[in-house]
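Have a look at the structure below before the remarks.
The values are calculated or read from the model by the stated rules, or taken from the named source; none is laboratory data. Remember, it's a predicted structure, so these values are computed and weren't measured experimentally. Here the Cβ positions follow ideal geometry from the backbone for every residue, glycine too, while neighbour counts run over all protein chains shown. For the accessible areas, the whole protein counts, side chains as well, though only heavy atoms, and no ligand, DNA or RNA atoms are used. Shrake-Rupley method; radii C 1.70, N 1.55, O 1.52, S 1.80 Å.
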Amino acid sequence: DTGVSQNPRHKITKRGQNVTFRCDPISEHNRLYWYRQTLGQGPEFLTYFQNEAQLEKSRLLSDRFSAERPKGSFSTLEIQRTEQGDSAMYLCASRLGKLAGPKNIQYFGAGTRLSVL
Amino acid sequence: AQSVTQLGSHVSVSEGALVLLRCNYSSSVPPYLFWYVQYPNQGLQLLLKYTSAATLVKGINGFEAEFKKSETSFHLTKPSAHMSDAAEYFCAVGTLSGGYNKLIFGAGTRLAVHP
């Protein structure tokens, strides 16, 4: 068990380009979350999956954002036509959903830092 | 709606001094509360969590927090600060949506420890 893995760790792109990030959760964790953290702020929820089903999306997730978890394992977060306001740290977390409530916790990856020039 | 307020975006203490990081929450239902720590260029690591079993919660690295319903607070303390405690600390509440799936975070408190 190597924890939640996110790639790449850093991404620099030009405005208008598309970017894709990958998250590999802890094995056996059926729930996966994406958060966005801007400078000086706490993480903000974007979306979450139970297995391959995307069950909730935040209003922060505009139509330029799309997330997938095709086989219920790794997940990707794509941002199309990036804008400077998309610059942030994108965090992925996973947890085991078998137990109710926060008896099990969310484990976070190290994040992908996106810089849009 | 649930929310979290962390009082003080920056706290500075001397090594060996008491650490007190403040967190107040707003929730219409019994909350589940968490403290996470984030070191530079790293993800969030759970320090401790409150799940209604006990009001005084002990976590890792000598940290503890006390849930006070009357004050809607969940302040984080450590009796003696260490240089390695310098990091950013986030208080979070588990929301009712989806069975306490989603975490709502405060804005964070950056702790500096000086010799």
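Quick rundown of the values:
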{"quantity": "Relative contact order of chain B, pairs being alpha-carbon contacts under 8 Å that are 6 or more residues apart, as %", "calculated": "37 percent"}
{"quantity": "Per-bin percent of Cα-Cα distances, segment A:12-94 [5 Å]", "calculated": "3, 15, 27, 25, 17, 9, 3, 0"}
{"quantity": "Non-local Lys pairs in chain B, i.e. 8 or more apart or on different chains, that have alpha carbons under 21 Å apart", "calculated": "10"}
{"quantity": "Order of exposure, largest accessible area first, which applies to B:Thr109, A:Thr20, B:Thr72 with probe 1.4 Å", "calculated": "A:Thr20, B:Thr72, B:Thr109"}
{"quantity": "Diffusion constant of the protein assembly as shown at 37 °C, which comes from Stokes-Einstein with the Kirkwood Cα-pair radius and 0.692 mPa s, µm²/s", "calculated": "181 µm²/s"}
{"quantity": "Reference-scaled alpha-carbon Rg (2.2 N^0.38 Å with N residues) for segment B:36-79", "calculated": "1.24"}
{"quantity": "Residue-count net charge about A:Glu83 - beta-carbon cut-off 9 Å; Lys, Arg +1, Asp, Glu -1", "calculated": "+2"}
{"quantity": "Aspartates and glutamates whose Cα lies under 13 Å from that of A:Lys14, excluding same-chain neighbours fewer than 8 positions away", "calculated": "A:Glu83, A:Asp86"}
{"quantity": "Percent accessible area from carbon and sulfur atoms, chain A, protein chains only, probe 1.4 Å", "calculated": "45 percent"}
{"quantity": "Bins of 5 Å, starting at 0 and running to the largest distance - Cα pair percent for chain B", "calculated": "2, 13, 24, 25, 19, 10, 5, 2, 0, 0"}
{"quantity": "Mean Cα-pair separation over length for chain A, i.e. relative contact order, pairs under 8 Å, 6 or more apart, %", "calculated": "36 percent"}
{"quantity": "Highest-MSF residue in chain B out of B:Lys69, B:Lys49, B:Lys78 [GNM, Cα springs under 10 Å]", "calculated": "B:Lys69"}
{"quantity": "Neighbourhood net charge (11 Å Cβ-Cβ; Lys/Arg +1, Asp/Glu -1) for A:Tyr35", "calculated": "+1"}
{"quantity": "Total accessible area lost when A and B pair, probe 1.4 Å, Å² to nearest 100", "calculated": "1700 Å²"}
{"quantity": "Rounded Å value of the spacing that divides the Cα centres of segment A:1-35 and segment B:1-50", "calculated": "25 Å"}
